[in-house]
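The values are calculated or read from the model by the stated rules, or taken from the named source; none is laboratory data. This one's a predicted model, so the numbers in the text were calculated from it and none came from an experiment. Please note: Cβ atoms are built from the backbone with ideal geometry, for glycine as well, and neighbour counts cover all protein chains shown. The accessibility values were calculated without ligands, DNA or RNA, using every heavy atom of the protein model including side chains. Shrake-Rupley method; radii C 1.70, N 1.55, O 1.52, S 1.80 Å.
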Amino acid sequence: MDSRSLRDAGLIDISVVLSSRASELLARTADMLSALTTPEIAESYRSLAETDGPIPLKEAGERLGADGSVAQLLGLGLAHVLPHDPPVLAATAPVPAVEAALAQKQHELNAQYDVMVRARREAAQIRQLADQQAQEASSHRLARVLTDSDDIATLSNTIGTAAREEHLTLETLRYDLPLTESSAQPPTAASIARRMRHRSIYETAFLSDPVGALIIERCAAVGEEIRVVPQLPMKMKITDSSQALVALTPTGSSAALHLTSPVAVDALRHYFELLWRDARPLGLRPSSTTGERDRQRHEIAALMRQGLKDEAVARRLGLIPRTVRRRISEFMEELSAETRFAAGAEAQRRGWFDDPED
């Protein structure tokens, strides 16, 4: 029998069916209003709509149970006042209620878009003014020595934020205070999103220091290009070809030179490029005489040091993840390392990543 036959036979209670559909309609309407406004407003609307009839306006605030809910419902068009004596508050029907909330949300989004447009325009003007100010300042002071540790730390942390194309760093393992994880300054998500290139040269001592190795790992994981050299004479940071910060002491915390002279910055950039050319990437160049099994383990170790997960290493080398995990377990045991990163540091110390032609 179909539903009509069942109804005619008295086997379906139409009032129950209608009540069920009304409940479903109200529930879905409340869910949509929660997304378009707030859960509190949606709950107030639902409470009002579920009452047997309109409620006295004077009692509405107490019965709906939320401060300002009556005014919010009226303001959004989710409720209206009927001119009874005394006046009563009634819920707007579901369809016009949702349409009213949609119209309000669209208005808010349009306003936010206008704010973003104005903000972008203002940001461009602020950058232009800042560039002009920097140019005017640099024309009078192309180099300055900083001796205040806070000024040096602030400039060291922010010099890269002005970069548009590239930020270069020389990093030694010399610090006034013990190295901590917070010492890491990985590229920001914003700079990576605008495709700015980050290149850093570290002393190889970082690889055998647990915290130093972790810092390199964190920076490499977010996209920093890293190479290592046995030793560096100083710490240095260069932003594009516009400015450079050079440490004047081993740690650089008590004295540093800030350069905006194009000639001096270009010279330091050229020096960085010479070091970069001779520095060793965080990768692998295995010996041609190394066996296939050892070569594979060395490749896995090199990729693992770059922050790649087991599955990514397997895809890169055309292996299955189980094989990668087995090889990692093998060389960790061989190197007597308790952690993967400790294994990478020990592998570096043993020359696994050395170029045989050096």
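Tabulated data
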read-out: Per-residue SASA entry for Tyr45, accessible area with 1.4 Å probe, Å² rounded to 10; value: 0
read-out: Alpha-carbon centroid distance for the pair segment 303-344 / segment 24-59, whole angstrom; value: 56
read-out: Met32, Met304, Met234, ranked by accessible area, largest first (probe 1.4 Å); value: Met32, Met234, Met304
read-out: Length gained when the stretch Gln133-Leu274 is fully extended (0.36 nm per residue, less Cα-Cα span); value: 47.5 nm
read-out: Longest site-free stretch - the chain; sites: trypsin sites (Lys or Arg not before Pro), DSSP loop, at most 13 other Cβ within 10 Å; value: 1-140
read-out: Rounded percent of accessible protein surface that carbon and sulfur make up, the chain, 1.4 Å probe; value: 52
read-out: Ser254 versus Thr51: modelled label distance in nm, points set 7 Å from Cα along the beta carbon direction; value: 7.6
read-out: Helix-only mean residue ellipticity at 222 nm for the chain, each DSSP H run of n ≥ 4 adding -39500 (n - 2.57), per residue, nearest 500; value: -17500 deg cm²/dmol
read-out: Choice from Leu26, Leu303, Leu319 with maximal GNM fluctuation in the chain (Cα, 10 Å cutoff); value: Leu26
read-out: Ranked order, Ile126, Ile201 - accessible area, probe 1.4 Å, largest first; value: Ile126, Ile201
read-out: Heavy-atom SASA rank of Asp85, Asp240 (probe 1.4 Å, accessible area, largest first); value: Asp85, Asp240
read-out: For His258, solvent-accessible area (1.4 Å; no DNA, RNA or ligand), Å²; value: 20
read-out: The chain, accessible area per residue, ligands and nucleic acids excluded (1.4 Å, Å²); value: 59
